[in-house]
Each structure stands twice: as structure tokens, then as C-alpha cells.
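The values are calculated or read from the model by the stated rules, or taken from the named source; none is laboratory data. In this text the structure is predicted, and so the values were computed from the model without any measurement. Every residue, glycine among them, receives a Cβ derived from its backbone with ideal geometry; neighbour counts consider all protein chains shown.
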Amino acid sequence: MSTYSTSASAASPGRPRLTPWPRARFVAAALACCTVMSGCGTEAAPVKTQSTAEPDCMPSRTMFDAVVKAHVASHCGTCHGETPNFGAPNTLTGSYESLVAGAVGTRFVDRIALRMANKTMPPTGGEPVPHQVQDTLVEWASCGAAHPDHSVGLVVDQPVFTAPKTADAGLAHFDLTADNFAVAEDELDLYECFTFSAPVTEDRFVRRIEVLIDQSKVLHHVVLLKDPKKDFALGRKKCKGMPSDSQYLYAWAPGAGAVAFPEGGMRVKPGEHYIVQIHYNNGAAVKNVKDNSGVRIFHGPVAGTEYGMVAAGPLVFSIPPHSTTTATGHCLVKETTTVLAGMPHMHENGVAFEQVIVRKDGTRETLVSLTGWSFEMQPFYRLTTVLNPGDRVETSCTWRNDTADAVNMGTGTSDEMCFDFMFVTPPPKNPYCNDFVLDASADAGYLPGKCAGADAAVAPALSKTKLLFTGAPDNTGGDWGTARWQLKSATLALPAIAKTYMNPETSTIIGRGQAWTEKGRLTIDASVRILLELQQNNGVDTVDKLSMSGKVIAGDKVGEGTWTPDCGGTVAQPIGWSVHGDELTIRLGKSFAQFVVPGLYTFQRVGSN
Ligand code: HEC
């Protein structure tokens, strides 16, 4: 898998911000599960081509004034402005009256609901409209009757793990639901958690989980998690972040079905804590909503195959600003394990997800591969496969971070995660599987990026460098002239104390890249893979793609200044440099886990123009 684009970190090269590795802290952050996500349809939802407007639907004027008007202006206004442009047939930025005028089914609001629900508007290629905004516009325009189909664009190579329409006769069940929960008229993005103690009196096997829908007009996603450490107290509370060690057991979004074990099941013990997280959105401004949605859990005696859940994926990573980054977690299989299904999980920056089995003999088999990631569509996929001791499962996530801040592993919606939550048998001893693997053939996956010079080499030499534990050397500055350069080494400059938290022998940085310089200008095009062995066999394996070109303006200190991109970014970042003969070292702030450390890129002169 090879994606590339720009990457640059905005941290002062002069002031490293590394603190000693607080293992407990970053494992806690790493293990924490995040925010809401949800499951999708058992069958692909048919694309709607006809208005589904309800005869008495009159979208809320209050909501129009409060949010809809502004959303339409900023996301549709370029084409549907006062004077329609770029082929748009009409204006949509006028008054509330102009949108609701006419016969129900043919009004502008009905056409907006239809075209946005089936995702044929706005046209592709433009600025994407955030899912939250799509949800609000469609729900407002349809009075809560329609929901955008976020599975459009999602490409998966495995079937959804479907369940029979109804539960087997004779199964006992219990319900975990909201408590007549009041959803305010102006509520657009509310995450509420309801925590329960499992109402069983002896060990049972969960056989099937399905959603209970009460107030469909305000219901967005319903997620069921297990909270093994009982981090959340019983009862309800607002929750954007989730407890550490949460396990995702079920997720629902409009169109999704149930999850059921073909035989056997997953153990539920008396008193275990389960959380139902519900995402509410009252885009239609429905009044006096009291909701009792939730999940129904069917259970039977402890009999047949026992399944458990394991989360496979990288536990530590950071996505630099303006970058495309891939992080990979390696799970070494210790005992013969059968995988039944898995739920790939990332947050909103996700671009692609891939899981590969590397068999003991080196053969690679794709387990599941997703592109066109949609945060709202996170069902379980059927992954029926047997893993043998000596096999390795590689779980890779690719994210695009378009912001000026690094995005780290974490629990909030604005953080990121990368896991496949898999139902496996026998149940795993450890709920997470992540091992450090140093693959001798590892490469950095370089392809020239968008800012590379016209004379870019397609495969510049591979460099392998150990970490530096002496801090960063001073920037000495100097004149780099007009030249072309090839990456000779890339490393992180860490304080000596960091040695106690990572293995200096195995931790390696692999890179391929090149640079171009002229007076006051620098272009770097490189791909850097960081392989760090942390304590307890945890590892970091991330690939950052840096392709950036721009002006360098010297600051007050020798060899320091700011690099302002006109390709590959919009935000200026601090930079340091040292020229020694035919060697140029560039120092950039490199985000790593929750920290920013100096990253040193050393280039060898290969030609001058
Ligand atoms: C890049 C330009 C562009 C943007 C941005 C855009 N549209 Fe359009 N829209 C068009 C064009 C072109 C058409 C006519 C072709 C078509 O129907 O696909 C159209 C048609 C429509 C129609 C059908 C009109 C009819 O008479 O049936 C609706 C409804 C619509 N757009 C809604 C929206 C909404 C809502 C947004 C913002 C969320 C939006 N559009 C953003 C270009 C745009």
C-alpha cells in the first residue's frame, strides 16, 4: 500500500519538548477506546431516486435560522448562490420561504433531502461536506425522515457479518436502553452514555445483539461496549471519549442489522459493565423527544464455542500536520486461533484500512481492506480464517491530516485510533495484540510526491539509521547553494533518558528521499519509516510522507528560520539547518506519540544546477 502526500510538523527545532516516556500514560492513552462509530447495513441500501417527503413535513424555521442557512451558504453557495454558477440550476441561499414554497415532494427542501441523502450533491471533486453537516441538512430538510447514506464511496473486500432477521426462538434476552432521555430541540451533536451492570445471575453466552429503535428522527448511532475496568459509573453521562480498555461489541447506524454468533457465543458475567453510547442529532428540531433506544442482548447457556474479542492494531502513533501517515501494528499469533468477524475502527481522518496475514512461510494474504473510509459505517465484516502459531497479522491505518496540528492516538473524536476489534476463539488472554517486529526487508514505500523536482529520482537510496540519544546538535547554518541532494540518514534526536524506554539496538529509522535547494528556498520530498521498540514488546511502526517546497526565511539565530510552503502545506514551520561541505542537515520538529522531538534529515549533495 503506498499513499503519498505532504507531511511537515510545526514545532520549534530549537526547543525539544520530549518528556521522559511515561509508559503508563501512553499505554493508557493507547489502549483507550474512543468515540462513537457505528455499524451499517446488512444489505446495501438502495439509492433513493424518488422523493420520500412525508406529506406533513415542514422543516423547522428555528433550525434554519440557527444553522442551516449558514451551512447552505458555505457549502452550496459557490454554485447555488444568489446568481447560480458552475451549472447549478438554481439559487439555494435565499429565504426560508423560498426553500419550502410549492407542493410537498417538489419543493427545494425535498430536492435537497433527496440529492444529499443519496450523496449525488454536492458534486464530487469539490470540498467535501463534513458528515455532521450532511446529516443536519438532510434531517432538517426531511423533518428527520431521511438520513444520508454514508456507505456511498466505501469500498470493502469482505462481506458484512450478517445475522438472521430474527433471533432463534426460545432465547432469553435483556435490554439496555436510554431512560426516557430528553433530546433538546436544538441538539445537533450529542453523545450520551448509559452504563449498566449485566442483569444475569450466572455466566451466560451472548448469542445475538440487535438495536432497539425508539425515536428514529433523532437517532444517529448506537454503540455497545464492554467496560472491563468499570471506569464509567452506572447511570448516564455525556461521553465523547470512552474508557480505556473498552471493547466494541456492536455498532448500529441507519440500515444496520444485528450481530449473531452462528453457534456458541461470548461470555457475559453477572455484574460486568456494559455501555450503550448513543449519538443524537435533532437536525429536524423535533419537539419534546423522549428516547428509549438501545440494544437487546439475547443469551443462552454456556455451551458450544466460546468467542472473545481481541483488538489488533498499533498502540502508539502520531499523524503530523498536513501529512498522510500510515501506522502499522504487528500481532504475533501464539496459539491456533479462529477469527469469525472483525470491526475495523478509525476516526474521522481515516483514509484506508488494511489487514494482512503474513504466514509463517512469508506468504501474504489480505484479511480485509477498506478504502473510502466512512466514520459512520463501521460494521463487523466476516473474516472467517484460521491463524496458526508463527503467523503475524499486520494492521495498517492510513490517515490524512489536513490541519496544522498533529493528531495523536487518543479517546476523543478529534484523536485517532487504529484497531480491528475481532471476535476470535479461543478467547484471548490479552485484549490487545501488538508486538514489535523488525522486518529486515522493511522499506519506506517512497514515490516522488507532488512537490518533488522534475528531475526527481524514482528510487533514491535506502538509508537505515539508529536513534540519537544525545539531543540535537546545534544548527550551524551556512549557504546551501543551488543543488540537488539525496537523503543519507533520518533520525530522531532524543535525550539520553529516552534509552530507558526504548531499545536503542533495534529501534531504526528507514528513509528514502531527496531535496532541492536554491537561495532562500528548500524542497524536501521524502518518506520516512520509524520503527521503535518500546517496553513490553510494544512497538511503533509508522510511515510519514513529506513533500514540501517553499521559502526559507532566516530568523535571529544562526541556522534557524521559518519554512513557508507554497507546495504541500499552508502553515509555516520552524526549521534549522547546517551545511558541512557536501552534507546538509535539516532539523524539523517531528511529532511522535504525544511529543514533538527534533527530527534530523541529512542529505548528500548529488549535483548542482
Ligand atoms: C460545485 C458546484 C455545486 C455545489 C458546491 C453544489 N451544487 Fe447542487 N448542483 C450543481 C449542479 C451543476 C447541478 C445541476 C446538475 C445536477 O442536478 O446534478 C446541481 C443540482 C442540485 C440540485 C437539483 C436541483 C433541481 O432542480 O432538482 C439540488 C437539490 C442541489 N444541487 C443541492 C445542493 C446542495 C444542498 C448543495 C450544498 C450542500 C449543493 N447543491 C452544492 C452544482 C453544485
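Looking at the stretch 100-117 only, could you name the residues that are more than 6 Å from the ligand (Cβ to nearest atom) and β-branched (V, I, T)?
V100, V104, T106, V109, listed by residue number.
If the Cβ limit is 9 Å and pairs must be 6+ apart or interchain, which residue in the stretch 75-102 that is assigned to a helix (DSSP H, G or I) pairs with which residue that is of a type in the set (D, E, K, R)?
Cβ pairs passing all conditions: H75/E127; T78/E127; Y96/R61; Y96/D65; Y96/K69; L99/R107; V100/R61; V100/R107.
Just checking, how many residues over the stretch 225-254 are surrounded by fewer than 24 Cβ atoms within 10 Å (Cβ to Cβ) and aliphatic (A, V, I, L, M)?
Of the residues in the stretch 225-254, 3 are surrounded by fewer than 24 Cβ atoms within 10 Å (Cβ to Cβ) and aliphatic (A, V, I, L, M).
Of these, F298, F317, which one is more than 30 Å from K217 (Cβ to Cβ) and either in contact (Cβ under 8 Å) with a residue 40 or more places away in the chain or touching a helix residue (DSSP H, G or I) at 6+ places or on another chain (Cβ under 7 Å) (or both)?
Testing whether each residue is more than 30 Å from K217 (Cβ to Cβ) and either in contact (Cβ under 8 Å) with a residue 40 or more places away in the chain or touching a helix residue (DSSP H, G or I) at 6+ places or on another chain (Cβ under 7 Å) (or both) leaves just F317.
Looking for something closer than 19 Å to Q604 by Cα, surrounded by fewer than 21 Cβ atoms within 10 Å (Cβ to Cβ), out of contact with any strand residue (DSSP E or B) (no Cβ under 7 Å at 6 or more places or on another chain) and β-branched (V, I, T) - is there at least one such residue anywhere in the stretch 494-503?
No, the stretch 494-503 contains no residue that is closer than 19 Å to Q604 by Cα, surrounded by fewer than 21 Cβ atoms within 10 Å (Cβ to Cβ), out of contact with any strand residue (DSSP E or B) (no Cβ under 7 Å at 6 or more places or on another chain) and β-branched (V, I, T).
Search the stretch 279-300 for residues being modelled with pLDDT under 95 and within 27 Å of the chain's Cα centre (by Cα), and hand back the single one that is nearest to F181 (Cα to Cα).
Step by step, filter the stretch 279-300, then rank; the result is Y280.
Hey, among V268, V286, V276, which residue is in the same structural domain as K238 (by TED's automatic domain parsing), closer than 23 Å to D168 by Cα and among the β-branched types (V, I, T)? Working first, answer last.
On the way: V286 fails: closer than 23 Å to D168 by Cα; V276 fails: closer than 23 Å to D168 by Cα.
Among V268, V286, V276, only V268 is in the same structural domain as K238 (by TED's automatic domain parsing), closer than 23 Å to D168 by Cα and among the β-branched types (V, I, T).
When only residues in the stretch 35-61 that are more than 30 Å from I209 (Cα to Cα) and exposed (fewer than 12 other Cβ atoms within 10 Å of the Cβ) count, which is modelled with the highest pLDDT?
The first filter runs over the stretch 35-61 and keeps only residues more than 30 Å from I209 (Cα to Cα), leaving 49-51, 53-61.
In the following step, the residues that additionally are exposed (fewer than 12 other Cβ atoms within 10 Å of the Cβ) were identified as 49-50, 55-56, 58.
On the way: T49: 56, Q50: 62, P55: 79, D56: 85, M58: 94.
That would be M58.
Go through the stretch 417-433 and give me each residue that's within 24 Å of T508 (Cβ to Cβ) and modelled with pLDDT of 90 or more.
C418, C433
Condition first: at pLDDT below 90, within 13 Å of the ligand (Cβ to nearest atom) and of a type outside the set (S, T, Y). Can you find one or more residues in the stretch 149-169 that meet it?
no
Find the residue count for the stretch 406-458, including only residues that are touching a helix residue (DSSP H, G or I) at 6+ places or on another chain (Cβ under 7 Å) and within 30 Å of R267 (Cβ to Cβ). Walk me through how you get there before you give the answer.
Our first condition is that a residue be touching a helix residue (DSSP H, G or I) at 6+ places or on another chain (Cβ under 7 Å); within the stretch 406-458, this holds for 409-410, 432, 435-436.
Those still in the list that are within 30 Å of R267 (Cβ to Cβ) too: 409-410, 432, 435.
Final tally of qualifying residues: 4.
Just one of T166, T136, T162, T177 is among the hydroxyl-bearing types (S, T, Y) and without any contact (Cβ under 8 Å) to a residue 24 or more places away in the chain; which is it?
None of the other options fit; the residue is T166.
Which of the residues spanning the stretch 118-136 are near the ligand (Cβ under 10 Å from one of its atoms) and of a type outside the set (S, T, N, Q)?
If the condition is that a residue be near the ligand (Cβ under 10 Å from one of its atoms) and of a type outside the set (S, T, N, Q), then M121, P122, P123, G125, G126, E127, V129, V133 are the ones that fit.
Scan the stretch 450-490 for residues that are among the charged types (D, E, K, R) and in contact with a Ser or Thr (Cβ under 7 Å, 6 or more places away or on another chain) and report the count. Spell out how you get there, then give the answer.
In the first step, residues of the stretch 450-490 are kept if they are among the charged types (D, E, K, R); the result is 450, 455, 464, 466, 474, 479, 484, 488.
Checking the rest, the ones that are also in contact with a Ser or Thr (Cβ under 7 Å, 6 or more places away or on another chain) come to 450, 464, 466, 488.
The total comes to 4.
For E97, work out the one condition from (1) more than 6 Å from the ligand (Cβ to nearest atom); (2) under 30 Å from N349 (Cα atoms); (3) not polar (S, T, N, Q) it doesn't fulfil.
It fails just one condition, (2).
Looking only at the stretch 439-483, count how many residues are buried (at least 16 other Cβ atoms within 10 Å of the Cβ) and within 27 Å of the chain's Cα centre (by Cα).
8
If we keep just the residues of the stretch 75-93 that are out of contact with any helix residue (DSSP H, G or I) (no Cβ under 9 Å at 6 or more places or on another chain) and more than 7 Å from the ligand (Cβ to nearest atom), which is farthest from V138 (Cα to Cα)?
For the stretch 75-93, the residue satisfying everything is T83.
Results for (1) in the same structural domain as L492 (by TED's automatic domain parsing); (2) more than 20 Å from S323 (Cβ to Cβ); (3) at pLDDT 90 or above; (4) touching a Cys at 6+ places or on another chain (Cβ under 8 Å), shown as yes or no for each residue.
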| site | (1), (2), (3), (4) |
| --- | --- |
| T517 | yes, yes, yes, no |
| R521 | yes, yes, yes, no |
| L534 | yes, yes, no, no |
| T542 | yes, no, yes, no |
| K545 | yes, no, no, no |
| V558 | yes, yes, yes, no |
| G568 | yes, no, no, yes |
